[in-house]
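See below for the structure under consideration.
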Amino acid sequence: MSEPLHFPAGFLWGAATSAHQVEGGNTHNDWWRFEQRPGVIVGGRGSGDACQHYRRFNDDFALAAADGHNAHRLSLEWSRLEPVKGQHDPGAVAHYHEVLASLHRHGLTPVVTLHHFTNPLWLADAGGWESRSAIDHFESFVRFCAREFGGEVDWWCTVNEPEVYAFRSYSEGVWPPAVRDDSRALAVMANLLEAHGRAYHVLHSEDRIDADGDGHAARVGFAKHRVQLEPLRAWNPLDHLQAAIEDRVFNLAVESAPITGTIDLSIPGARAVKRTPGDLKGTLDWYGLNYYTRWRVQSLAPVPHVVPPGTPVNDLGWEVWPAGLEQALLAAGRYGRPVLITENGVADAHDSIRPRALVGFVEAMHRAIAQGVPVLGYLHWSLLDNFEWSEGYHGRFGLYGVDFDAPERTRTRRTSAELFARIARSNALTDAARSLV
Ligand code: GAL
């Protein structure tokens, strides 16, 4: 018997998704086009029909609600809502109204992301996020969404992981537009951060409706992928230096930008970006934390991040380190904003390590709260197995498994879904939940 770990009243428990990864049929964005190229997706299979969530959302939300979730993170697919520049698609608009109505009906507070990696083709073809015009186009899209959906949404997440998007797409070149140039990656990251600031003001000025009657209208944050970085060899000063450089550009510079108002990005050998847009300072109502893993950094080596032998890893080879969530929360909490865990999870097709890891994550979160970090909620990545970007259908993150070979994309409830349900329903980690590990 152990004492239950209770969470604050009103704590948000739910799952996180993004449109392109679950909906299927997102033919008007840059990812869809990229997926058609041979060799870019593990397993060779593009997003295709994905989880068919575009038409099955109601059943999927019913699963989440039955499991005691009270919140759900999703993204609005820009390329559906504005398939042609300046022209909004009434069918897509009606669809997302239905989606939001279904969430409310199921008692799930929507947390809505406005940019989750995908871009309409027209935006990509006009220079994508390297062009400063993307900031203006995004601002218009956000204004449209705030006016259209503001009566149904209070929790807005402007951009998802600007640092991951920039590095994967413009430095590593494994995501569209497959560029390998650190200077261009920094320019893109800066534009996304600036776009966040613009979106913040638009959402506050256009969305004044308190959708769930809790005394708050728009509450605006962004989602930051916080990797915990450590030197591989404690005795090696160059490993320390390299870890510090990466921590600065990947974590500190990004999370501090909406607080201080200054964008200050640099990597050795790349063109640095430093600017202070007039409207960026103070544009974070909450810090969205995505936490998965730690990188142990090795300097002067062809492979910069190493997982030492014997370390527990997920199906994608990422270290599974639940205690790191406590550290990430303490770091995120330094900025004086409440923290919402917008993603956390494990790629684990057989659900063999996820249950134990989930307990570890929830314990780590409880320790951080006990140390004073104001944590608003926990959104697990993900409700369903889904299209894991360049990993294709190889990374299985769902509380529910999905059979992508079955025409009806059958959902299978994993032990982790039951474990999560026991935690969410009681707003506590109890022995009843622990007994499933
Ligand atoms: C995040 C991303 C999600 C999901 C997850 C698991 O970086 O926001 O879309 O793919 O990682 O890899």
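The values are calculated or read from the model by the stated rules, or taken from the named source; none is laboratory data. Owing to the predicted nature of the structure, the values given are computational and were not obtained by experimental measurement. Counting neighbours? That spans all protein chains shown, and the Cβs are built from the backbone with ideal geometry, glycine included. All accessible areas refer to the heavy atoms of the entire protein, side chains included, with ligands and DNA or RNA removed. Shrake-Rupley method; radii C 1.70, N 1.55, O 1.52, S 1.80 Å.
Taking segment 345-384 as the range and being assigned to a strand (DSSP E or B) and not β-branched (V, I, T) as the test, the residues that pass are L376, G377, Y378, L379, H380, W381, L384.
One line per residue, one yes/no per condition, for (1) away from the ligand (no atom under 16 Å from the Cβ); (2) open to solvent by less than 20 Å² (accessible area, probe 1.4 Å):
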site	(1), (2)
P90	yes, no
V99	yes, yes
S102	yes, yes
P110	yes, yes
F117	no, yes
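The numbered conditions (1) more than 16 Å from the ligand (Cβ to nearest atom); (2) charged (D, E, K, R); (3) under 28 Å from V227 (Cβ atoms); (4) free of Cβ contacts under 8 Å to residues at least 24 places away in the same chain are all true for E130 except (4). Filtering L284, L300 for residues that are more than 16 Å from the ligand (Cβ to nearest atom), part of a loop (DSSP other than H, G, I, E, B) and surrounded by 19 or more Cβ atoms within 10 Å (Cβ to Cβ) leaves a single hit, L284. When the residues of segment 147-185 are filtered to those that are in contact (Cβ under 8 Å) with a residue 60 or more places away in the chain, of a type in the set (G, A, S) and more than 16 Å from the ligand (Cβ to nearest atom), the one that is least open to solvent (accessible area, probe 1.4 Å) is G150. When segment 330-343 is filtered for residues that are of a type in the set (D, E, K, R) and part of a loop (DSSP other than H, G, I, E, B), the ones remaining, listed by number, are R334, R337. Checked against (1) within 16 Å of the ligand (Cβ to nearest atom); (2) not in a loop (DSSP other than H, G, I, E, B), G46 passes all but a single condition, namely (2). Within segment 347-358, residues that are in contact (Cβ under 8 Å) with a residue 24 or more places away in the chain sit with their Cβ atoms under 6 Å from residues that are basic (K, R) and outside any loop (DSSP other than H, G, I, E, B), at 6+ positions apart or across chains, in these pairs: D348/R354.
Considering segment 401-433, the residues that are open to solvent by 60 Å² or more (accessible area, probe 1.4 Å) and basic (K, R) include one that is farthest from the ligand (Cβ to nearest atom), namely R425. For segment 101-155, the set of residues classified as under 21 Å from the mean Cα position of the chain (by Cα), of a type in the set (A, V, I, L, M) and assigned to a loop (DSSP other than H, G, I, E, B) consists of L108, V153, listed by residue number. Against the test of being within 16 Å of the ligand (Cβ to nearest atom), small (G, A, S) and over 16 Å from the mean Cα position of the chain (by Cα), the options G372, G392, G398 yield a single qualifying residue, G392.
Report whether or not G333 is more than 15 Å from the ligand (Cβ to nearest atom), farther than 15 Å from W13 by Cα, crowded, with 18+ Cβ neighbours inside 10 Å and not hydrophobic (A, V, I, L, M, F, W, C). Write out each step before concluding.
Values: more than 15 Å from the ligand (Cβ to nearest atom): yes; farther than 15 Å from W13 by Cα: yes; crowded, with 18+ Cβ neighbours inside 10 Å: yes; not hydrophobic (A, V, I, L, M, F, W, C): yes.
Considered against the rule, which asks whether it is more than 15 Å from the ligand (Cβ to nearest atom), farther than 15 Å from W13 by Cα, crowded, with 18+ Cβ neighbours inside 10 Å and not hydrophobic (A, V, I, L, M, F, W, C), G333 comes out as yes.
Determine, yes or no, whether A9 is within 16 Å of the ligand (Cβ to nearest atom) and in contact (Cβ under 8 Å) with a residue 60 or more places away in the chain. Taking the combined requirement at face value, the residue does not satisfy it.
The set of residues in segment 64-88 that are within 15 Å of the ligand (Cβ to nearest atom), part of a loop (DSSP other than H, G, I, E, B) and not hydrophobic (A, V, I, L, M, F, W, C) contains only E77. Number of residues in segment 303-329 that are open to solvent by 40 Å² or more (accessible area, probe 1.4 Å), outside any loop (DSSP other than H, G, I, E, B) and within 16 Å of the ligand (Cβ to nearest atom) equals 2. The criterion of being open to solvent by less than 30 Å² (accessible area, probe 1.4 Å) and away from the ligand (no atom under 16 Å from the Cβ) does not hold for G221.
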